[in-house]
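The values are calculated or read from the model by the stated rules, or taken from the named source; none is laboratory data. Worth saying up front: this structure is predicted, and the values here are computed from it rather than measured. Every residue, glycine among them, receives a Cβ derived from its backbone with ideal geometry; neighbour counts consider all protein chains shown.
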């Protein structure tokens, strides 16, 4: 199972966070399928890759660590594909999500920590 974890510290008003996350995920052809105040799940649409390669992105919003407009996010990109190659679909999608988060104009990226 492919699994890639990244952490982000961003500066944004917590009220605008969900909309900004949605925009970033849509740039990666991911759509939000579940959302609460501290958790967002997005999935890749079927049709472009085999079922085992379909990516799910889970984002944990660290509510207890929100300091003013600084929000910490943990982003897990995963699928059922065995990561036999270093350049696999899940890794490419994790990189795409990371780039979308880094380039989002709706927030200021304070720190990015790949795991």
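Per-residue answers, yes or no, for (1) part of a helix (DSSP H, G or I); (2) surrounded by fewer than 16 Cβ atoms within 10 Å (Cβ to Cβ); (3) in contact with a strand residue (DSSP E or B) (Cβ under 9 Å, 6 or more places away or on another chain); (4) at pLDDT 95 or above:
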{"residue": "3", "(1), (2), (3), (4)": "no, yes, yes, no"}
{"residue": "16", "(1), (2), (3), (4)": "yes, yes, no, no"}
{"residue": "19", "(1), (2), (3), (4)": "yes, yes, no, no"}
{"residue": "34", "(1), (2), (3), (4)": "no, yes, yes, yes"}
{"residue": "47", "(1), (2), (3), (4)": "no, yes, no, no"}
{"residue": "60", "(1), (2), (3), (4)": "no, yes, yes, yes"}
{"residue": "64", "(1), (2), (3), (4)": "yes, yes, no, no"}
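Suppose the filter is farther than 14 Å from residue 5 by Cβ and under 15 Å from the mean Cα position of the chain (by Cα); does residue 112 pass it? Judged against the criteria, residue 112 is not a match.
Candidates are the residues of the stretch 36-45 that are modelled with pLDDT of 95 or more and surrounded by 20 or more Cβ atoms within 10 Å (Cβ to Cβ); the one that is farthest from residue 87 (Cα to Cα) is 40.
Looking across 106, 70, one residue alone is over 14 Å from residue 3 (Cα atoms), in contact (Cβ under 8 Å) with a residue 60 or more places away in the chain and over 16 Å from the mean Cα position of the chain (by Cα). It is 70. Going by what's in this entry, would residue 54 be described as under 18 Å from residue 104 (Cβ atoms), touching a residue at least 12 places away in the same chain (Cβ under 8 Å) and either buried (at least 17 other Cβ atoms within 10 Å of the Cβ) or in contact with a strand residue (DSSP E or B) (Cβ under 6 Å, 6 or more places away or on another chain) (or both)? Taking the combined requirement at face value, the residue does not satisfy it. Residues in the stretch 80-103 that are free of Cβ contacts under 8 Å to residues at least 24 places away in the same chain and over 22 Å from residue 13 (Cβ atoms) were compared, and the one that is surrounded by the most Cβ atoms within 10 Å (Cβ to Cβ) is 95.
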